[in-house]
Amino acid sequence: MPADAPASAVPALELRHIDKRFGTVQANRDVSLVVAAGSIHGLIGENGAGKSTLMNIAYGVHEPDTGEIWVAGQRRVLGSPAAAIAAGIAMVHQHFMLVPNFTVLENVILGVEGGLTLRARLREARERLAALGRDYELDVPLDALVGELPVGGQQRVEILKALYRRAQILILDEPTAVLTPQETQRLFRMLRRLRDEGKSIVLVTHKLPEIMAVTDRVTVMRQGAVVDEVPTAQTAPRQLAERMVGRPVSMRIEKTPAIPGEPLLEVRQLGIRDDRGIERVRDVSFTVRAGEIVGLAGVAGNGQTELLEAIAGMAPIDRGEIRLCGHDVVREGLDGAKRRALGLAHVPEDRLRTGVVSSFSAEDNLLLGYQDRAPFSRHGILQRTAIREVAAARLREHDVRPAAPTMPIVAFSGGNQQKIVLAREMDMNPRVLLVGQPTRGVDIGAIEAIHRRLVALRDAGKALLVVSVELDEILGLSDRILVMHDGKIAGELRAEEATEERIGRLMAGVADKTHG
Amino acid sequence: MAKLGHRRDDTVNGWTVVLLPVANLVIALAISGAIVWLLGESPWAALKLMLNGSVATADGIGYTLYYATNFIFTGLAVAVAYRAGVFNIGAEGQAYIGGLGSGLVALALGQHSPWIVLPLAIAAGAIFGAAWAFIPAWLQARRGSHIVITTVMFNFIAAAVMTHLLVNVLIAPGQQSPETREFGPGAVMPPASAIGFGDRFAATPLNLAFGLALLAAALVWFWIWRTRWGYAWRVVGQNPVAARYAGIDPGRVVIAAMLLSGALAGCLGVNELLGSQHRIALEFPAGAGFVGIAVALMGRNHPVGVVASAILFGALYQGGSQLSFDMPKVNRDMVVVIQGLVILLCGAMEHVLHQPLNWVCRRWPRKAVA
């Protein structure tokens with residue numbers, strides 16, 4: 001029904017003229033949002049556009065400075081998530097709020113146990129959940145431990161929790177970030193079913209294809225304000241992207257066919273165990289040549305992180321061989337610093353935890369890992385003037401805003417932090433570049449620039465290994481694609497033969513029959 | 001995501017750097033004053049006595065700076081380790097063993113020229129202190145033992161070793177008290193009068209070691225903020241994961257930082273033994289290693305702050321002893337109480353005052369303009 005719901009119907013959720021300010025930051029400015037009953041409403045915008053703030057207001061985490069919240073035609077003051085839940089609003093966070101060593105059933109009744117013993121509630125819950133599972137294709141084994149469920153299953157538990165609490169309005173914050181394409185399809189089927197049963201859903205995302213696939217209306221936010229609200233059927237991804245960024249953007253990555261040269265990074269039968277002795281990477285072999293981008297796809301947590309860290313020399317390996325620019329770095333005992341000296345650069349997946357020192361300034365972060373090289377230091381003494389000059393030039397060159405070398409790194413936005421890390425790793429003239437999640441938390445406008453730079457590095461004859469959970473990115477950037485599942489390479493595809501469908505199957509661990 | 005919601009201004013900047021310790025000190029003094037008042041003495045008279053005893057006379061200043069010298073060494077020791085992310089509680093023991101090193105050189109070579117003996121004695125102090133710090137550092141870096149625990153234990157071991165040596169081995173022949181014979185003339189740090197201060201401080205033990213301490217502070221500053229090794233230490237102290245990412249071995253940094261830390265603590269004997277007591281005596285560090293923790297804390301682990309707060313603690317120490325002479329109801333333990341209050345307010349409760357002060361600092365200029 002959806003796209004053009006009768007205007008007379010009472011909206012499920014209405015936010016009117018919401019203003020919210022944090023210190024000097026105006027997070028929401030006169031934001032109004034109407035979610036029709038029985039519809040899926042998309043909310044998109046770049047990082048920092050105010051989506052999360054708005055949803056946290058709707059879920060009672062923050063109170064608006066001014067503005068009103070109406071739920072099913074009644075004005076509500078939501079002082080806490082408990083009040084929001086009582087009003088029929090539930091939120092599924094990006095990071096699940098579940099107790100891993102409780103069963104599904106126990107997780108669902110957590111917080112609404114009622115009574116002195118659990119028995120009665122457990123029985124009642126079991127019956128209702130079974131019914132819900134049947135009605136909405138939400139089947140999860142009720143007695144399984146949540147920690148042992150796949151991510152998609154855990155997400156279904158979160159949704160079951162919401163439905164068990166009789167939520168009428170479901171807010172999902174970036175729900176597909178951790179899912180395979182197949183799981184995403186399944187989630188969308190479920191959401192359509194819920195909508196058809198009269199529930200209302202707000203889908204917060206930055207992925208345009210998802211908006212197009214599943215929503216009825218879409219609201220675009222930019223810099224804390226609503227810039228557009230349209231029926232999904234009457235818009236297109238390019239148009240939405242332009243509204244988000246505020247200027248035309250190129251959605252395609254322009255590149256010529258790769259001309260691969262000599263192999264610069266070779267990994268043979270690599271095995272890695274984590275601190276607890278669990279095998280994270282098993283028997284992985286691949287080669288990255290000069291002048292090509294190899295994309296490493298996979299659902300997060302399937303060994304990509306460990307693989308990158310092992311190549312970079314941050315973690316020991318269990319067995320196997322890593323050859324970097326002709327050196328067997330493991331056998332020769334070359335540590336991280338020596339591998340850097342051989343020409344390895346590394347943009348880590350988790351920027352804030354690994355890639356920067358958050359209490360340092362931009363310029364001090366720009367020499368991280370290169371503090372023993374000219375022009376940054378001479379005879380061990382840091383060359384403050386040179387550091388400042390190089391930093392100022394790099395920030396300008398990479399369009400980091402503001403181009404202030406002495407500003408603390410945490411004061412920059414995520415996209416600008418990423419540009420600083422990329423600037424550092426790219427500009428020391430590496431031969432092999434490991435890039436983890438190149439555009440995680442980066443705005444659409446900046447994504448374009450980062451992709452262009454990565455392709456330019458490839459054309460300059462560097463070998464690039466790019467790890468990303470964004471399939472669009474993998475498909476757009478890579479010349480060859482490796483798919484990891486459960487610590488192993490589940491398959492390898494050439495760029496021409498790769499489709500989202502095929503990668504998705506490999507990500508889920510289903511053997512790719514057509515792969516020769 | 002909801003990052004904005006949790007914004008909290010934890011950075012210490014602008015005037016807060018100076019105002020915070022001052023405010024903490026004022027509160028500590030106010031509480032101490034209340035205790036003095038409860039003991040039946042006048043807090044004002046006590047404060048006056050303390051100031052007179054510590055900073056108002058040449059003698060007072062001399063003693064203040066003499067005590068401050070010990071605290072600068074131990075404060076720097078704690079601060080450099082802290083910069084590399086290591087909490088060194090063992091400065092007391094390292095100072096004790098370091099003093100043994102200086103003392104042994106002084107005893108052995110005391111008859112030779114000070115130009116030979118003093119550099120050797122200073123180096124021996126640093127090396128002995130560093131060696132004592134090395135064991136817990138290695139245990140933490142390579143075996144995962146917690147350094148707070150091991151350094152505390154090493155304080156006890158140092159005390160036991162020194163007692164044994166002084167009672168059974170090094171004691172001067174025919175002596176009753178457990179201390180060595182006096183050092184030879186070549187092993188005496190030049191007193192203040194010998195280095196151009198005239199006889200202003202002649203009645204005090206102030207000596208060249210104070211200059212050495214200031215030099216050490218300057219070198220520590222240079223090392224931490226101007227060399228690539230200091231940079232690596234700071235990275236390890238702030239984010240060990242990023243350090244591994246940058247190809248820095250956190251274990252090696254922990255060991256190196258502890259060696260420097262122990263060496264700095266080990267220099268305490270240069271002031272205390274070579275500069276003042278001229279023999280190795282039992283318990284000569286007298287808690288300076290622990291005061292160093294407070295000094296580093298209050299000085300924000302920055303050499304300038306360490307020197308400033310070391311002088312403050314020196315003044316408290318000297319003023320406190322003066323106070324206990326003149327006010328019989330207030331004994332030396334009162335000084336410990338005041339120090340304890342400063343530590344409590346600067347360390348444990350720092351952020352209680354932090355937020356309001358930041359708030360005031362932000363408002364003030366605006367109001368002044370309006």
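The values are calculated or read from the model by the stated rules, or taken from the named source; none is laboratory data. Treat the numbers as computed from the prediction; the structure is a model and nothing was measured. Cβ sites come from the backbone with ideal geometry, for glycine too, and all protein chains shown count toward neighbours.
Side notes on the structure shown:
- Selected residue (only one of A:R273, A:R252 is closer than 30 Å to A:L482 by Cα and at pLDDT 85 or above): A:R273
- Residue in region A:356-365 that is within 19 Å of B:Y245 (Cα to Cα), within 14 Å of chain B (Cβ to nearest Cβ), in contact (Cβ under 8 Å) with a residue 40 or more places away in the chain and touching a Phe, Trp or Tyr at 6+ places or on another chain (Cβ under 7 Å) present: no
- Qualifying residue in region B:294-314 (condition: more than 13 Å from the chain's Cα centre (by Cα), surrounded by fewer than 24 Cβ atoms within 10 Å (Cβ to Cβ) and not in a loop (DSSP other than H, G, I, E, B)): no
- Within region A:307-342, the set of residues being touching a Lys or Arg at 6+ places or on another chain (Cβ under 7 Å), more than 13 Å from every other protein chain (Cβ to nearest Cβ) and either free of Cβ contacts under 8 Å to residues at least 60 places away in the same chain or not in a strand (DSSP E or B) (or both) comprises A:D318, A:G320, A:E321, A:C325.
- Total residues in region A:136-168 satisfying the condition of being closer than 27 Å to A:A83 by Cβ and part of a helix (DSSP H, G or I): the figure is 13.
- Residue ID - farthest from the other protein chains (Cβ to nearest Cβ), chosen from residues in region A:376-406 that are in a loop (DSSP other than H, G, I, E, B) and closer than 20 Å to B:I224 by Cα: A:P405
- All positions within region A:100-124 that are part of a loop (DSSP other than H, G, I, E, B) and either in contact with a Phe, Trp or Tyr (Cβ under 9 Å, 6 or more places away or on another chain) or exposed (fewer than 14 other Cβ atoms within 10 Å of the Cβ) (or both): A:P100, A:N101, A:L110, A:G111, A:V112, A:G114, A:G115, A:L116, A:T117
- Region B:250-286, residues that are closer than 30 Å to A:T354 by Cα and of a type in the set (D, E, K, R): B:R252
- Leading residue by the ranking (nearest to the other protein chains (Cβ to nearest Cβ)) among those in region B:227-280 that are farther than 30 Å from A:L344 by Cα and outside any helix (DSSP H, G or I): B:C267
- Qualifying residue in region B:25-32 (condition: at pLDDT 80 or above and either over 22 Å from B:Q322 (Cα atoms) or more than 23 Å from the chain's Cα centre (by Cα) (or both)): yes
- When A:M97, A:M55 are checked against the criterion of being in the same structural domain as A:V218 (by TED's automatic domain parsing) and outside any helix (DSSP H, G or I), A:M97 stands alone in meeting it.
- Check on A:A297, loosely packed, with under 15 Cβ neighbours inside 10 Å, modelled with pLDDT of 90 or more and closer than 30 Å to A:D443 by Cβ: no
Residue-by-condition table, conditions (1) touching a Ser or Thr at 6+ places or on another chain (Cβ under 8 Å); (2) farther than 18 Å from A:R29 by Cα; (3) within 14 Å of chain B (Cβ to nearest Cβ):
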residue	(1), (2), (3)
A:G50	no, no, yes
A:A58	no, no, yes
A:E68	no, no, no
A:V71	no, yes, no
A:S80	no, yes, yes
A:A86	no, yes, no
A:M91	no, yes, yes
A:T103	no, yes, no
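- For A:E321, the stated conditions do not hold, so it cannot be described as under 29 Å from the mean Cα position of the chain (by Cα) and either modelled with pLDDT of 90 or more or under 23 Å from A:R282 (Cβ atoms) (or both).
- Of the residues A:L454, A:L465, A:L422, A:L434, the single one that is crowded, with 21+ Cβ neighbours inside 10 Å, within 14 Å of chain B (Cβ to nearest Cβ) and either not acidic (D, E) or not in a loop (DSSP other than H, G, I, E, B) (or both) is A:L434.
- Any hit, region B:171-190, residues being part of a helix (DSSP H, G or I), buried (at least 17 other Cβ atoms within 10 Å of the Cβ) and of a type in the set (A, V, I, L, M, F, W, C): yes
- Scope region B:210-226; condition more than 7 Å from every other protein chain (Cβ to nearest Cβ) and within 16 Å of A:F360 (Cα to Cα); matching residues: B:I224, B:W225
- The number of residues in region A:213-269 being in a helix (DSSP H, G or I) and under 15 Å from A:I444 (Cβ atoms) comes to 9.
- Within region A:366-375, the set of residues being more than 10 Å from chain B (Cβ to nearest Cβ) and among the small types (G, A, S) comprises A:A374 only.
- Among the residues of region A:187-227, those identified as modelled with pLDDT under 90, farther than 22 Å from A:S32 by Cβ and of a type in the set (D, E, K, R) are A:E197, A:K207, A:E210.
- When B:G62 is tested against (1) under 19 Å from B:A126 (Cβ atoms); (2) crowded, with 19+ Cβ neighbours inside 10 Å, only condition (1) is not met.
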